[in-house]
Amino acid sequence: MPRPKKSTQKKTTTAATKKKAGKELKTLRGMKDILPADQKYWSFLRTKIDDIAGVYNFDRIDTPVLEETDLFVRSVGETSDIVQKELFSFVDQGKNKIALRPEFTASIMRAYINHGMGNVPQPVKLYTTGQLFRHERPQSGRLRQFNQINFEVLGEGNPVVEAQLIHIAHTYFKELGLEVVVNVNSLGSPECRPLYKEALVNYYKTAMSASLKDKYKKELKKNPLRLLDSKDKDLQELRDGAPQILDYLDDDSKTHFFTVLEYLDDLEIPYNLSPTLVRGLDYYTHTVFEFYMKKEVNGSQTALGGGGRYDLLAEELGSKVPVPAAGFGLGMERIIARLREGGLLEDEEKQIDVFVAQIGDQARRRAMLLFEELRSKGISVMENFAKSSLKSQLELANKVKAQIVLILGQKEVSEDTILIRDMESGVQEIVELKTIATELKKNWLKKKKK
Ligand code: AMP
């Protein structure tokens, strides 16, 4: 192959480099970096959720981020917003139709069926946390990649399960320092739903203008329940006059729902009956619920989380036997936003015990060993070995609020000593290098913490 002329080669490279340098690459719309300064909120949420899961005997499960698209089409429902508009779905190199998970419940139920979890004592209690993906219109509180905490109880139809789940989420919010209320409703059994759907369709067909009827043709035909929780102002105006599902529940569904409410009363959990709460997904049966900040519940704010019972999902996914189940998902970004608004965790700074400073190459080498020694003895240590100037090292020590700074210079290395300085009192002392860890624990760090 003839080699390109030298001049041409140079021109192309320069143009390519220019083009590359010109465009600053950014995160995709609706996707965010979680920066180091925000990590304290995330570890706070995760630690607390691991504690709660442990106390209530939930085992962790992690499912893949990518699944067959069909899993979500069959579970969440073809007419849901999630499947209609929000699924990140594509065909991969092997011509498989796959999707980034938009929710956890379907994946967890798939795992339950795949791994024969129906054969162990029921219920199976599982929890997880992780990223979900929905191609939503980005706006406040709505991201395209976001994180959820998810709890599921599989293999049990008793209404106590919904009450326990609501109780667990409520306890979690309380421990985070957030006061929430729960909105609850019942969608009843699949048997009583058709009658209600029919009543809804009749109501909306009479109440809607011709243009609205046209706009919501699909919902009127396939899933009129969705009209109830629409964000469309025109529909919201019609909502108050709509028939209420509680009037259409059969006796068993009524008993189921009232039992849940009685348990909530016993547990002293504040709740509102919310007859228009239907949640957007096809798989819910019986109890559905959503959590709101107490002070926002009547406002236009979005929910912090929600869930419900989904007794029919397992069979939709191919299970030969019914698997009654219920669960909830809480949005981590929204919880963190509320913690921030309340000023919670703001003063939680990283606490460093000891900063190791060094002057000169020999001291740096010795300081690196010292750092490891202190770290292995459980002392929190920090360094900036790349800097030579003591001033810039001390600046960093101040910034991270180190209690103690150890200074190792040429002289100290040759005499096997080290200088200890208490940053708050300014007291300093030279001690033997080999006794430093004991000295710190005995006389310096302890003294400061008292
Ligand atoms: P859902 O699975 O739709 O019931 O959502 C449960 C919770 O997840 C919501 O109450 C939100 O807190 C959170 N959530 C849902 N969608 C988003 C999103 N697009 N961005 C951020 N959080 C979300």
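The values are calculated or read from the model by the stated rules, or taken from the named source; none is laboratory data. Keep in mind the model is a prediction, meaning the values are calculated, not measured. Cβ placement follows ideal geometry from the backbone for every residue including glycine, while neighbour counts extend to all protein chains displayed. Only protein heavy atoms, including side chains, enter the accessible area calculation; ligands, DNA and RNA are left aside. Shrake-Rupley method; radii C 1.70, N 1.55, O 1.52, S 1.80 Å.
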Phi angles of the range 284-294, converted by Karplus (6.51 cos²θ - 1.76 cosθ + 1.60, θ = phi - 60°) into ³J(HN,Hα) in whole Hz with x for Gly and Pro, give 6, 9, 6, 6, 10, 8, 9, 9, 10, 4, 4
One point scatterer per Cα, no solvent, Debye formula: log10 I(q)/I(0) for the range 190-263 at q = 0.16, 0.20, 0.26 Å⁻¹ comes out as -0.61, -0.84, -1.18
Tell me, what is the 1.4 Å probe accessible area of residue 135, in Å² to the nearest 10?
-> 80
Residue-ordered couplings for the range 215-224, obtained by feeding phi - 60° into the Karplus form 6.51 cos²θ - 1.76 cosθ + 1.60 and rounding to whole Hz (Gly and Pro as x), are 5, 10, 3, 5, 4, 4, 7, 9, 8, x
The chain: angle of helix 361-376 to the longest principal axis, Cα-based, in degrees nearest 10 | 40
Under the Kirkwood approximation for Rh and a Cα-based Rg, what ratio Rg/Rh is obtained for the range 270-372?
-> 1.35
If each of residue 252 and residue 25 carries a label point 7 Å out from its Cα toward its Cβ, how far apart are those two points in nm?
-> 5.6
Using the Karplus curve 6.51 cos²θ - 1.76 cosθ + 1.60 with θ = phi - 60°, work out ³J(HN,Hα) for each residue of the range 334-343 in order, rounded to whole Hz, and write x for Gly and Pro.
-> 5, 5, 5, 4, 5, 4, 5, 4, x, x
When the accessible area of the chain is computed with all protein chains present and a 1.4 Å probe, what percentage of it is carbon and sulfur?
-> 51
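Let me know the number of lysine pairs in the range 34-161 closer than 25 Å at the Cα, not counting same-chain pairs under 8 apart.
Numbers: 40/48; 48/125; 85/95; 85/97.
Summing the qualifying lysine pairs gives 4.
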Show me 367-374, 207-214 ranked by packing, highest mean number of other Cβ atoms within 10 Å first.
-> 367-374, 207-214
Where only alpha carbons of the range 130-224 are counted, the Rg and the Dmax (Å) = 18.8, 50
Hey, what does the equivalent ellipsoid look like for the range 94-166, semi-axes from the Cα gyration tensor as sqrt of 5 times each eigenvalue, largest first, whole Å?
-> 27, 19, 8
Rounded to the nearest 10 degrees, the helix 6-22 long axis (Cα) sits at an angle to the longest Cα principal axis of the chain of 70
With 0.36 nm assigned to each residue of separation and the Cα-Cα distance removed, residue 401 to residue 60 gains 119.1 nm
Quick one: what Rg and Dmax do you get for the range 219-343 from the alpha carbons, in Å?
-> 16.3, 50
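I want to verify the translational diffusion coefficient of the chain in µm²/s; compute it with Stokes-Einstein, Rh as the Kirkwood radius over Cα pairs, at 20 °C and 1.002 mPa s.
Reported coefficient: 81 µm²/s.
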Estimated inter-spin distance, residue 122 and residue 373, nm [label 7 Å along Cα→Cβ] = 6.2
Compute the distribution of all C-alpha to C-alpha distances in the range 59-99, in bins of 5 Å from 0, and list the percent of pairs in each, rounded to whole numbers.
-> 6, 22, 27, 22, 14, 7, 2
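What GluC sites (Glu not before Pro) in the range 43-104 are in a loop by DSSP, with at most 12 other Cβ atoms within 10 Å of the Cβ?
Working: sites: 67, 68, 78, 86, 103; in loops: 78, 103.
Qualifying residues, ordered by number: 78.
Kindly report the accessible area of the chain per residue (heavy atoms of protein chains, probe 1.4 Å, no ligands, DNA or RNA), in Å². Provide the component values of the computation, followed by the final result.
Working: 24750 Å² over 450 residues.
For the chain, the per-residue accessible area is 55 Å².
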Would you mind counting up the charge near residue 384? Only other residues with Cβ under 12 Å from its Cβ, with Lys and Arg at +1 and Asp and Glu at -1.
-> +2
Which loop GluC sites (Glu not before Pro) in the range 214-321, with loop taken from DSSP, have no more than 13 other Cβ atoms within 10 angstrom of their Cβ?
-> 268
How big is the gap, in Å, between the Cα center of the range 264-297 and the Cα center of the range 335-385?
-> 44
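Quick check: convex hull over the Cα atoms of the range 16-75, volume per residue in Å³, rounded to an integer?
Numbers: hull volume 11.3 nm³, N = 60.
Normalising the Cα hull of the range 16-75 by residue number yields 188 Å³.
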Geometric extent, Cα atoms of the range 325-450 - Rg, Dmax (angstrom) = 19.0, 70
